[in-house]
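Scroll down for the structure; my scribbles are underneath it.
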Amino acid sequence: MCGIVGYVGQKTAKPYLLDGLKRLEYRGYDSAGLALFSEKDYVIKRNAGPVQGLADATLDSGQRETMGIAHTRWATHGAPNETNAHPHRAGDLVLVHNGIIENYSEIKDRLTKTGVRFSSQTDTEVFAQLIEFHRRKIQDQQPNLSAEDILISALETSMKEVDGHYAILLMARSVPGKIFGVQNGAPLVASPLKGGCLIASDIQAIIPYHNEVCFLPKGEILVAENGKFWTRAPGSSALHAPKLERMDWTADKVEKDGFDSFMLKEIFQQPLVVADTLSGRLPAKEHEPFIWDHQKAHEVLWKNVKKLYLIACGTSYHAALISKYFFEKWAKIDCEVDIASEFRYRSPVLAPGTVVGVISQSGETADTLAALRLANAAGASTFSICNVPSSTIARESGFQYPTKAGPEIGVASTKAFTAQLTVLCTLALDVGRLRGHLDLASFRALARLPHDLDRVLGQSETFIKIGEKLKDRRMVLFVGRGTMYPMALEGALKMKELTYLPSEGFAAGELKHGPIAYIDKDITVVTLAPKDDWYSKTLSNLEEIRARGGHIIAIGSETDEQIKRQCLSGGDEFIGLPESAWGTQPILSVVPLQLLAYGCAKALGRNIDKPRNLAKSVTVE
């Protein structure tokens, strides 16, 4: 979950490194550091806290080195302090690392017995010391080898001994002018610049400079120097030219555009994101085939499905839970939803006819990727719903249904979640059509969904002001039925992520099975109350809450005068949304939930784009 950046070329490296770290700070912000390569030795600076602290500390350093590596950390092994900050030095080497070395303790014990001394608590330093240990050993045994061949041989040997999911960049004094790297399950991206080469763990750090990138192959060693780079497979001396891919993301897409946070900007982008995601997918006429990138393969995939697994983590898991209702109602497919970290550690039965779908914003989520690989190894048909088409999950899945949300910088997912729901709703509708049933009301509602979302955002100031009032509440509960139950989970997650207030989501039918004990005058209950098949039961829940003194925020239809009167007469809040079909109601409901959390977090003075202890892309377990 850390951010890594490297630059080698003709220009001063430090500005590239600091700018890249700032753009990757959503991946980690406990500490930051950089190492610049000078003629005689490294210039290393590390700082506890955010990237700005590192930038301030190096402001007047006068360093003009043209090669360096940098890192922003999200602590796993070792406290978030300067000692444990990257880069880590080991003799001739300096190294930055994203990921986890699972057997670091065993390796550390072995190296300690040989006389190696460690200065940090991190697994990263263990990796650096292991490479340096083998480099010295190979240098003693084969002094005629070039310094570069010795280093690569040491790296290959170390990779065989290390268990884990990682990406690293390293420099060696004995090999001036070159940066080396490798990825084993954690992303690493490189791009050739005019007179230089930029490498990072995420395209966010590269896009402002160039829109052609190479997603480095797993297990291959990267060698980058002035203006060019190549890869080589372990054990081979053959060099492979990079395969560059053009990204349609531009630098302006990762700026705030006048909003006070990336999250708020991304909330307001949702109508356009939904329009982009639907563009070219809906047929011109009802009952005609929906349009996918590989039409025949899509139809083959869904022709004989007997069971569907949907696997995800966090917010993506909530999107999967909601779409379970879609697939079971429209397509009549038995659908099971699993948290990726649980799916991969049990023994799921993947019988013939099973399709496994994985959902991930980044396409690099460690547990979700492991679940996908488990499904692939079992011979199940697989598909992915990702926001990064060239991500590992997208590449390794059998079929891809990409979202088109563009870069999402705010750690708390907003527009990526909405895009996932849009794809899942569209997909389930189409699979239902293939199996003889099409919900025409939801189909028609999809076409006007961007317009309806725009209408909801027209009330944004109201939602934010209601959210501000929650800052002194002891707890916020979210309840709903049907598709609104997973949406209640998502509302609670947003409130937790952004405000740190105790927040829980429940199925409304479970109120009397425990959660009702929470309710008193200091508790707010956000009730998702659309006019659906469970409407009368939701009304009963509202009365139960009111009878116990709970403060209510009801989110329902703008034409629902009954709930509106109930709320306003009792000093509660009512949020009215445009009338919509059953399948699109959840997508409209998420906007006020996002803005309630945003308003409360702003009133509390929280760091909205970078909530404490969280990272955007969870690329380690």
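The values are calculated or read from the model by the stated rules, or taken from the named source; none is laboratory data. Predicted, not measured: the structure shown is a model, and the values here were computed from it. No Cβ is skipped: glycine too gets one built from the backbone with ideal geometry, and neighbour counts run over all protein chains shown.
Scan the range 26-63 for residues that are basic (Lys, Arg), modelled with pLDDT under 90 and over 22 Å from VAL223 (Cα atoms) and report the count. Total meeting the criteria: 1.
Within the range 580-614, being under 20 Å from the mean Cα position of the chain (by Cα), assigned to a loop (DSSP other than H, G, I, E, B) and touching a residue at least 24 places away in the same chain (Cβ under 8 Å) holds for ILE608, ASP609, LYS610, PRO611, ARG612, LEU614.
Tallying residues that are out of contact with any helix residue (DSSP H, G or I) (no Cβ under 8 Å at 6 or more places or on another chain), among the small types (Gly, Ala, Ser) and surrounded by fewer than 21 Cβ atoms within 10 Å (Cβ to Cβ) within the range 167-219 yields 2.
Residue by residue, here is whether (1) under 25 Å from ASP41 (Cβ atoms); (2) in a helix (DSSP H, G or I); (3) among the basic types (Lys, Arg) holds:
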site	(1), (2), (3)
THR76	no, no, no
GLN129	yes, yes, no
ARG135	yes, yes, yes
THR157	no, yes, no
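Scanning the range 298-354 for residues that are in contact (Cβ under 8 Å) with a residue 12 or more places away in the chain, aliphatic (A, V, I, L, M) and assigned to a helix (DSSP H, G or I) returns LEU301, ALA319, ALA320, LEU321, ILE322, ALA331, ALA340. Name the single residue that is modelled with the highest pLDDT among those in the range 100-135 being within 17 Å of LEU155 (Cβ to Cβ) and touching a Gly at 6+ places or on another chain (Cβ under 6 Å). Result: GLU132. Reported count of residues in the range 462-502, each being surrounded by fewer than 24 Cβ atoms within 10 Å (Cβ to Cβ) and part of a loop (DSSP other than H, G, I, E, B), is 7. For the range 198-207: of the residues being under 20 Å from the mean Cα position of the chain (by Cα), of a type outside the set (Gly, Ala, Ser) and modelled with pLDDT of 90 or more, which is nearest to ALA241 (Cα to Cα)? Within the range 198-207, the match that is nearest to ALA241 (Cα to Cα) is ILE199. Scanning the range 503-532 for residues that are of a type in the set (Gly, Ala, Ser) and outside any helix (DSSP H, G or I) yields a total of 5. Restricting ILE555, ILE575, ILE563 to residues that are more than 26 Å from the chain's Cα centre (by Cα), part of a helix (DSSP H, G or I), of a type in the set (A, V, I, L, M) and within 30 Å of ARG444 (Cβ to Cβ) narrows the list to ILE563.
In the range 267-279 there is no residue that is buried (at least 19 other Cβ atoms within 10 Å of the Cβ), of a type in the set (Asp, Glu) and assigned to a helix (DSSP H, G or I).
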